[in-house]
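Below is one structure; the comments refer to it alone.
Only the coordinates and a few stated rules stand behind these numbers; no lab work does. These numbers were taken from a predicted model, which means no experiment stands behind them. FYI the Cβ positions are ideal-geometry reconstructions off the backbone, even for glycines, and counts take in every protein chain you see.
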There are 2 protein chains.
Amino acid sequence: MASTVKTTYHHGDLRAALIAAAMEMLERGQEFSIRAIARETGVSPTAPYRHFPDRDALVSALAAQGLRDLEANLTADRPLPDSVEGLADLGAAYVGFALRRPALFRLMFGDECDRESEERVRAAAAVHELLATAITRVFPDSDPVDVALGGWGLVHGMACLYLDRKLTGPSVDVVLAQVRASFLAVVDARSSTQRG
Amino acid sequence: MASTVKTTYHHGDLRAALIAAAMEMLERGQEFSIRAIARETGVSPTAPYRHFPDRDALVSALAAQGLRDLEANLTADRPLPDSVEGLADLGAAYVGFALRRPALFRLMFGDECDRESEERVRAAAAVHELLATAITRVFPDSDPVDVALGGWGLVHGMACLYLDRKLTGPSVDVVLAQVRASFLAVVDARSSTQRG
DNA sequence: GACTTGATGTATGCGGTGCTCACTTCGCAC
DNA sequence: GTGCGAAGTGAGCACCGCATACATCAAGTC
């Protein structure tokens, strides 16, 4: 009990407040710094260090949260796809998440501080597993590891390329349509080109 | 004339020296800062600002150089592939570059400061075009845009996932073999699963 | 009910960063 | 020879992550 939002004792539930403030800054597209979120939360610049040993720990907490959000997003009102088209939609949802929350996505994937945070590793593994399950379900005759990594790579790569402006599109919808089309085109490539 | 390596006038060819120092730090896997490369080069901390308006400009110069290196790497003693296997090798070379020069690769792709540097944009476009040409050559019956973006995404995504330790492998060779296998598996997926 | 204790937050300060601005130096065109 | 403008310097600002020493205060113990 007493675990509600009601502030607890000293100044409040700082840890959660810090994560919330950091997440807000990320969503706003702003740079995020320990000192800035401390300011935002109304505590001294060094207060966050009572809850996170260093910046990376905070980043890992945010990334883990983001990975859980991504997983929820990919499963929300969507059964595991059992068609290639359904799989393409799942891929588009993955890219859609990246485009909607670019700064968070970069935090989730753009760094290698992994083995540090068990929470983060577990959340990443859950996303990996979700994708692998969906892909091997649709392509049961392919090597499960090979096709799963390739499929993940395809959507992840397109997400990164659009995020970093190596590819651009006039609107999110157009980009997502492109992702679907590209997924289908690659998966169909060999059978389109009748070659054995 | 006098455009050789011989130092020119005031202190030397600072611009080139700074780029070289920064590149060296990147290869060494170290963080790279304006002040650090100035120190390395033996000039004052603010001297670099005579040659680069800000940090991003230097980053763009490095990224452009890296993109040119990547392109050279992908074309070096390798004709444009005309088989799926050759294309898989090209993809593996792309990932190989990323693994060999991770910090540089992240610089090249991990940021969006594009429209700033025409040089960088052009170098990126050249890489894009090279991949697109190779892919559409091997898959002439697929939509060229769709399959090219998907193919690029696949190798780029796997490069990022391995770079950021979302995927791991015991050795570079094993990773590259995995990239080849995944590329072939995805491209073959639809025709493996006999489904129309 | 006073006392201790340990978790939480503060104050101060170090070394690092990108960057600005006023200054000096010096090669080169005239 | 002289002036000019490009190239380099030095001091300084605001910010950063982080360590260290100190203050506060809820809670458990006698």
Order of A:H156, B:H51 from fewest to most other C-beta atoms within 10 Å? B:H51, A:H156
For chain B, taking Cα atoms only, what is the radius of gyration to one decimal and the Dmax to the nearest whole Å? 19.6, 71
Neighbouring partner chain Cβ atoms per residue of B:175-182, average, 10 Å criterion: 3
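Among residues other than A:V179 whose Cβ falls under 12 Å from its Cβ, what is the net charge (Lys/Arg +1, Asp/Glu -1)?
Summing Lys and Arg as +1 and Asp and Glu as -1 gives -2.
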Within a Cβ distance under 9 Å of B:P81, other residues only, what is the Lys/Arg minus Asp/Glu net charge? -1
Whole-Hz Karplus couplings 3J(HN,Hα) for region A:102-107, θ = phi - 60° and coefficients 6.51, -1.76, 1.60, Gly and Pro as x, run x, 5, 5, 4, 4, 4
Note, region A:151-157: 3J(HN,Hα) by Karplus (6.51, -1.76, 1.60, θ = phi - 60°), whole Hz, Gly/Pro = x, goes x, 4, x, 4, 6, 5, x
May I ask you to derive the relative contact order of chain B, considering only C-alpha pairs under 8 Å and at least 6 residues apart, and to give it as an integer percent? 22
For A:L99 and B:R15, FRET efficiency with R0 = 35 Å and r from the beta-carbon atoms, rounded to 0.05? 0.45
Inter-part gap, Cα centre of region B:124-170 to Cα centre of region A:14-28, in whole angstrom, is 35
Kirkwood Rh over alpha-carbon pairs of the protein assembly as shown, then Stokes-Einstein at 37 °C and 0.692 mPa s: what D in µm² s⁻¹, rounded to an integer? 145
Quick one: 3J(HN,Hα) in Hz for region A:58-63, Karplus 6.51/-1.76/1.60 with θ = phi - 60°, rounded, Gly and Pro as x. 5, 4, 5, 5, 5, 4
Within 10 Å of each Cβ in peptide A:138-145, how many partner chain Cβ atoms are there on average? Round it to a whole number, please. 5
Taking amide H positions as placed 1.01 Å from N in the peptide plane, with prolines and chain starts having none, which residues 5 or more places from B:D13, or on another chain, fall under 5 Å of its amide H? B:T8
What's the magnitude of the charge dipole for chain B around its Cα centre, counting Lys and Arg as +1 and Asp and Glu as -1 at the beta-carbon? Answer in Debye, nearest 20. 500
